[in-house]
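*Asks:* Sharing a structure with you now.
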Amino acid sequence: MIKGFAGRKGVQLLFYALTIWFLWFAQTTLDDYSIRVLNNIAIFIILAVSYNLINGITGQLSLEPNGFVAIGAYVATLFLLDSDALEYQYYLEDPSSIVLLMHTKSFIIALLAGGAAATFAAMLLSFPVFRVRGDYLAIVTLGFGFIIRILAINNPQITNGSLGLNDIPDHTNLYWSGGLAMVAVTVILNIIYSKYGRAMKAVRDDEDTAIAMGVNTFKIKTIAFSTSAFMEGVGGGLLACLLTSVSPDQFTFFLTFQLLIIIVLGGLGSTTGAIIGTILVIGGAEWLRFLDEPMNLFGWTSPALPGMRMVVFSIILILVMLFAREGIMGKKELFDYFKTKKPKEKK
Amino acid sequence: MDYVTLLQQMINGISLGSMYALVAIGYTMVYGVLRLINFAHGDILMVGAFLGFFGISVLELPFFAAALLAIFGSAFLGILIDKVAYKPLRKAPRISLLITAIGVSFFLENSFNVLFGGVPKAFPVPDFAEQIIKVASLTFTTAAFIVPIVTLILLGVILLILYRTKYGVAIRALAFDSQTVELMGIDANLIFSIVFALGSALAAVGGIFWAINYPAVEPMMGVMVGLKAFAAAVVGGIGSVTGAVLGGFIIGFTEVVVIAFFPELGGYKDAFAFMFLILVLLFKPTGILGYDFEKTRF
Amino acid sequence: MKKASSLAVSIALLSSLAVAKEIKIGAVMPMSGAIASYGQTAYEGVKLANEMQPTLKNGDTIKVILVDNKGDKVETSTATSRLINSEGVVGILGALTSTNTAQVISIAEKSKIPVVAPAATNDQLTTKKEFANRVCFMDSFQGEVVANYAFNDLGLKNASLVIDQAQVYSIGLAKAFEQTFKANGGKIVKKITVSSGDKDYKAAVSQIKSANPDFIFLPVYHPEASMFARQAKQAGLDVPMFSGDGVSTPTFVELGGSAVEGYMFTDFFDPEFPPTEKSKEFINEYKKSTGKSDIASFTALGADTYFLLVDAMNRCEDPTDSVCVNKEIKATRNFEGVSGVLNLNEKGDAIRSAVIKEIKDGKPVYKATVNP
């Protein structure tokens, strides 16, 4: 379970049980569209809580998710496609032998492979990137995302280039995505409430003092970065199986931007905030579709303004940063509110 | 490849590099005084190009008048962005500023997308820029020469401002130690506005040049240029204006000449700037000409 | 007073409900984002077609529900899912690019909903899929057309290729062209790779110049083609240039200016030579409602997806039986569409002719028709 989690074990178990029941209920009763949206939300929860680990908890602004998600998605896909699928799909050039070697029928192994590949990339990237502090990380990770996309496009013998890979077996259902989301949240919360988490927060709050106190900031940052990458890779694999196809154009900066707005809205540094943010943004994006259509305001019909959604999102981001920088949850978790305030105080 | 073609490509590379340089100067100046990577800077290039397009096509101004409109309009926009989005966060942690800058960038791109649509608009290139010059067996447009020359002139102007005017002294001082400067009675906010105005004006010039060379104006045109210009600023040494120009030339040059030698690498063109960036960060993080900001505080 | 009129209104509504049903068709198109212009152009055609033919033979009204997929795959999947589950559409039109269309198809297959694509030309789209259909020709056909025309009709034996690595369309078309051209005996003297979004082609231009081909084939989209043409002319590279339908839009001429004079490309139809009666009708309606006489191919294709789907629905006993509608689509023969005569086959691919056009005095001018 979660260490340091306020409240009794019973409460935690109840929470888990409720979630599992909800997943079963949704998977068996809801229609395809709702299931799809819930799957999206679950996957983005995994991405958001892990992105929060490097951005919100460790305070290092990194713009890398689209890169790691891409790596995870492609690697998991390559493992899951069997040789028949590979033969007829590789349109541009024949698949390289490495690709033909990678194969597994097990979904979980493919996901883990995706995560591992992303982690490997993260550790490689840690060396140049954490030597310089602060702002450079943002640009370098942004560039890394670009380079991954360019590599995907220009190496058709591995990735089938811009055509991408299709007919991926659709293993993803709510049990997988929801289940893995629960695992991800549990792991992240455990890290946060451990000595590593405390060190990460120290790095965020005052790096110089942390160094003075003997914290190996390079190691801590790398741990946060790599863990983040691993989960983003797994999330990528889940996404690939949900959409049953993967192509380079899915992994642009827009994906990172979505995650950024999610964790900012939810509160940088709050895991429950990230969950709330995901539900709001991903669920809200569907609901906010109406912004793209003609609207009736007091009898005056505005023309359809496709793209208005994005303008509204960027304005929200700016407003949150200006006026409510803490986001919805700030640095607190939802359960902090239920902590020690027992009979006397009301919250 | 023969020397003639090589020379032709080198001049093309310098021309491309100049445009990166113009945008890089703005990045480096803002970073110098505010320690902020203004993600929206590349989009100011786009706004400049659009203003120029608007001036010539809709308002039917002569070219230079439209260019001035673009320059002043962008300078004004730069100051406005600073006042609205960055000034309130002066005391906030840097991560907030960075995120806000990303928000501003996205806002500019998407609102222009909504206003003008994503279809590229043909920029009316003025005749003087399109004349073909033939030297030996090399063919150039006049634009290929005008751009680097104007860039160097503007670099000279900026250096003049920085080192010979009292505002320039204030800017450099602010980059060095912002707290003491305020104690000396200088209005830091005014200086910041000047920096943003100068940087944005240069980006607008870059935008006009870009539109002359590649006459298709669309809302996303500033994204790649902006990123490469930032890489250029870091490679040259962030905080150093001359470094920014140097970095710009290096990156532009490499893009054109490497592809000329190795056309199979065509797809990787955009990656060069980032590879340079990572290399520099690995081996000489302060860049070619730069000095270490973090150290100068103590 | 009020009560009476509202009563009258409700009676009218109820009676209309009892008589005719409303059947929904979905349209998934990129209306915003990077490829918005293609989506907007195609949707124009769908909308006008719906206005021209808003009801089925049996009187049911057809409602087109448009969803913007922003050119993004995740959006496409949720949009398609919503259309099928929440709106209950009988068929889906869209989605422009081959990758997004493939996404629509993979979801629609599961619910047995037919998809009619206006412009997705990638060969593999209909492979192993039962409910995929299209009104455009395939990349392999288009590539063949250009290769044959250039080699046989124009006598150009050496070609240089400019391929956009980032676009499936470009790679597919280039591959088809290369195969046929070489089979005819032609030679490819230079292959250059570029990426969408690139603006600077000076290095590529000088490479091609030194290879000295008879002509250049650029299976790319109009932003890249127009910039390339400009820079080619500036550098003194003056050989015939050819593209596929990716440049079939007035923006191409706007951006290219005088540099695209003499540029040739393949297209689906020419509004100056309407191939069918329906074509003429559509062009007239278009002129009336927009005042323009220049119709982009995508608009014509968009209209055709609608007309084709409705025609198939009319041939079914129950127009909401999507399996039947799908069968009828594939059984379409000699259908007089806006963009030409269409023959569908069991795979859902359209067999149709292509036209070759050339830019003269800033306008695309008809040059030839190539039949399958």
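*Asks:* Do the sum for the protein assembly as shown: with -39,500 (n - 2.57) for every DSSP H run of n ≥ 4, divided by all residues, what is the mean residue ellipticity at 222 nm, to the nearest 500 deg cm²/dmol?
*Replies:* That comes out to -19000 deg cm²/dmol.
*Asks:* R0 = 25 Å: FRET efficiency of residue A:211 with residue A:127, Cβ-based, nearest 0.05?
*Replies:* Rounded to the nearest 0.05, the efficiency is 0.85.
*Asks:* Determine the distance separating the Cα centre of the stretch B:1-69 from the Cα centre of the stretch C:54-103; give it in Å without decimals.
*Replies:* The distance from the Cα centre of the stretch B:1-69 to that of the stretch C:54-103 comes to 41 Å.
*Asks:* Modelled label-to-label distance, residue A:28 and residue A:108, 7 Å Cα→beta-carbon offset: nm?
*Replies:* Going by the 7 Å Cα→Cβ label model, 2.2 nm.
*Asks:* Of all accessible surface on the stretch A:4-251 at a 1.4 Å probe, what whole percent is carbon and sulfur?
*Replies:* With neighbouring chains kept in place, the figure for the stretch A:4-251 is 67 percent.
*Asks:* Quick check for me: using +1 on Lys/Arg Cβ and -1 on Asp/Glu Cβ, what's the dipole size of the stretch A:99-252 about its Cα centre, in debye to the nearest 20?
*Replies:* 400 debye
*Asks:* Using alpha-carbon pairs under 8 Å, 6+ residues apart, how would you state the relative contact order of chain C in percent?
*Replies:* The value is 17 percent.
*Asks:* For the stretch A:211-216, just list the computed ³J(HN,Hα) in residue order, Karplus coefficients 6.51, -1.76 and 1.60, θ = phi - 60°, integers in Hz, with x standing in for Gly and Pro.
*Replies:* Karplus-based 3J(HN,Hα) across the stretch A:211-216 equals 4, 4, 7, x, 6, 7 Hz.
*Asks:* On to the next question. Using a 1.4 Å probe over the heavy atoms of the protein chains, calculate the carbon and sulfur portion of the accessible area of chain B as a whole percent.
*Replies:* 73 percent
*Asks:* If you don't mind, there's one more thing I want to ask. Checking the table A:221/B:284; C:21/C:288; A:219/A:331; C:47/C:280; C:182/C:327 against a 26 Å threshold on Cα-Cα, which pairs fail?
*Replies:* Correct reply: C:21/C:288; C:182/C:327.
*Asks:* Quote the total accessible area buried by chains A and C together, excluding ligands, DNA and RNA, probe 1.4 Å, nearest 100 Å².
*Replies:* For chain A against chain C, roughly 2900 Å² becomes buried.
*Asks:* For a quick check: with amide H placed at 1.01 Å from N, whose amide H comes under 5 Å from residue C:194's, ignoring anything fewer than 5 positions away on the same chain?
*Replies:* Amide H to amide H, under 5 Å and 5 or more residues apart or across chains, residue C:194 pairs with C:163, C:164, C:165.
*Asks:* If you don't mind, another one. Can you compute the charge dipole magnitude of the stretch B:3-296 about its Cα centre, using +1 on each Lys and Arg Cβ and -1 on each Asp and Glu Cβ, nothing else charged? Give it in debye, rounded to the nearest 20.
*Replies:* For this selection, approximately 600 debye.
*Asks:* Can you list the residues in the stretch C:63-80 whose accessible area drops by at least 20 Å² when all protein chains are present, compared with the chain alone? Use a 1.4 Å probe, heavy atoms only.
*Replies:* Residues shielded by partner chains are C:68, C:70, C:72, C:73, C:74, C:75, C:77, C:78.
*Asks:* Now, a different point. Between the stretch A:105-182 and the stretch A:28-85, what is the separation of their alpha carbon centroids in Å?
*Replies:* 9 Å
*Asks:* Another question about this same structure. Towards the positive end of the charge dipole of the protein assembly as shown, with charges on Cβ (+1 Lys, Arg; -1 Asp, Glu), say which of B:52, A:288, C:227 has the farthest Cα.
*Replies:* Final value for the positive-end residue is A:288.
*Asks:* Between residue C:321 and residue C:87, what is the FRET efficiency for a Förster distance of 25 Å, r being their Cβ-Cβ separation, to the nearest 0.05?
*Replies:* That gives a FRET efficiency of 0.90.
*Asks:* Given C:73/C:191; B:121/C:129; B:228/C:360; C:233/C:367; C:129/C:157; B:91/B:269, which pairs have Cα atoms separated by over 28 Å?
*Replies:* C:73/C:191; B:121/C:129; B:228/C:360; C:129/C:157; B:91/B:269
*Asks:* Ignoring ligands, DNA and RNA and using a 1.4 Å probe, state the total buried accessible area between B and C in Å², rounded to the nearest 100.
*Replies:* So the total buried area for this chain pair works out to about 2300 Å².
*Asks:* Is the protein assembly as shown best put as rounded, prolate or oblate by its Cα gyration tensor, with a ≥ b ≥ c the root eigenvalues, rounded for a/c under 1.5, and otherwise prolate when a/b is larger than b/c, oblate when not?
*Replies:* oblate
*Asks:* Checking an interface number: how much accessible area is buried between A and B, summed over both chains, with a 1.4 Å probe, in Å² rounded to 100?
*Replies:* Counting both chains, the buried surface is close to 3600 Å².
*Asks:* Is the shape of the stretch B:167-298 best called rounded, prolate or oblate, per the rule: a/c under 1.5 gives rounded, else a/b larger than b/c gives prolate, else oblate, with a ≥ b ≥ c the square roots of the Cα gyration tensor eigenvalues?
*Replies:* In terms of gyration-tensor shape, oblate.
*Asks:* Nearest 20 debye, what's the magnitude of the dipole of the protein assembly as shown about its Cα centre given +1 on Lys and Arg Cβ and -1 on Asp and Glu Cβ?
*Replies:* 3360 debye
*Asks:* Please compute the modelled spin-label separation between residue A:194 and residue B:80, points set 7 Å along Cα→Cβ, answer in nm with one decimal.
*Replies:* Here the modelled spin labels are 5.1 nm apart.
*Asks:* In peptide A:253-262, how many Cβ atoms from other protein chains are near each Cβ within 10 Å, on average?
*Replies:* Per residue, the average neighbour count from other chains is 3.
*Asks:* For peptide B:151-162, what's the mean number of Cβ atoms from other chains within 10 Å of each residue's Cβ?
*Replies:* Per residue, the number of nearby Cβ atoms from other chains is 0 on average.
*Asks:* Distance in nm between label sites at residue A:12 and residue C:288, each 7 Å beyond Cα in the beta-carbon direction?
*Replies:* With each label placed 7 Å out from Cα toward Cβ, I get 7.2 nm.
*Asks:* Further question on the same structure: So which cysteines of chain C have no other cysteine's Cβ under 4.7 Å from theirs?
*Replies:* Isolated Cys, chain C: C:136.
*Asks:* Can you give the mean number of other chain Cβ atoms that lie within 10 Å of the Cβ atoms in peptide C:215-225?
*Replies:* Mean shielding by partner chains, rounded to a whole number: 1.
*Asks:* Shape call for the stretch A:4-251 from the C-alpha gyration tensor, a ≥ b ≥ c root eigenvalues: rounded (a/c under 1.5), prolate (a/b greater than b/c) or oblate?
*Replies:* Oblate, because a/c is 1.5 or more while a/b does not exceed b/c.
*Asks:* Then there's this: Residue C:261 to residue B:127: FRET efficiency via 1/(1 + (r/R0)^6), r the Cβ-Cβ distance, R0 25 Å, to the nearest 0.05?
*Replies:* Taking R0 as 25 Å, the efficiency between residue C:261 and residue B:127 is 0.90.
*Asks:* Which percentage, to the nearest 5, of the DSSP beta bridges contained in the protein assembly as shown is antiparallel?
*Replies:* If we restrict to bridges inside the protein assembly as shown, about 45 percent are antiparallel.
*Asks:* Taking the Cα centre of the stretch B:3-296 as the origin and placing charges on Cβ (Lys, Arg +1; Asp, Glu -1), which of B:259, B:272, B:230 is farthest toward the positive end of the dipole?
*Replies:* Value computed over the given set: B:230.
*Asks:* Another question, then. Mind listing the phi-derived Karplus ³J(HN,Hα) values for the stretch B:241-255, rounded to whole Hz, using 6.51, -1.76 and 1.60 with θ = phi - 60°, and x for any glycine or proline?
*Replies:* 3J(HN,Hα) across the stretch B:241-255, in whole Hz: 5, 4, x, 4, 5, 4, x, x, 4, 4, 5, x, 4, 4, 3.
*Asks:* Distance between the C-alpha centers of the stretch B:160-230 and the stretch C:215-256? Whole Å please.
*Replies:* 36 Å
*Asks:* Follow-up. Which of A:155, B:139, C:302 sits closest to the plus end of the dipole of the protein assembly as shown, meaning its Cα is farthest towards the positive end, when Lys and Arg get +1 and Asp and Glu get -1 on the C-beta?
*Replies:* Toward the positive end, the furthest listed residue is A:155.
*Asks:* Lys and Arg at +1, Asp and Glu at -1: add these up for the other residues within a Cβ distance under 13 Å of residue B:53 and post the number.
*Replies:* -2
*Asks:* Pop out the ³J(HN,Hα) list for the stretch C:165-177 in order, Karplus 6.51 cos²θ - 1.76 cosθ + 1.60 with θ = phi - 60°, rounded to Hz; leave Gly and Pro as x.
*Replies:* 4, 8, 10, 4, 3, 5, 5, x, 5, 4, 4, 4, 4
The values are calculated or read from the model by the stated rules, or taken from the named source; none is laboratory data. None of these values were measured; they are calculated from a predicted model. Methodologically, a virtual Cβ is constructed for each residue, glycine included, from the backbone with ideal geometry; neighbour enumeration extends over all protein chains shown. Calculation scope for accessible area: heavy atoms of the full protein, side chains included, ligands and nucleic acids excluded. Shrake-Rupley method; radii C 1.70, N 1.55, O 1.52, S 1.80 Å.
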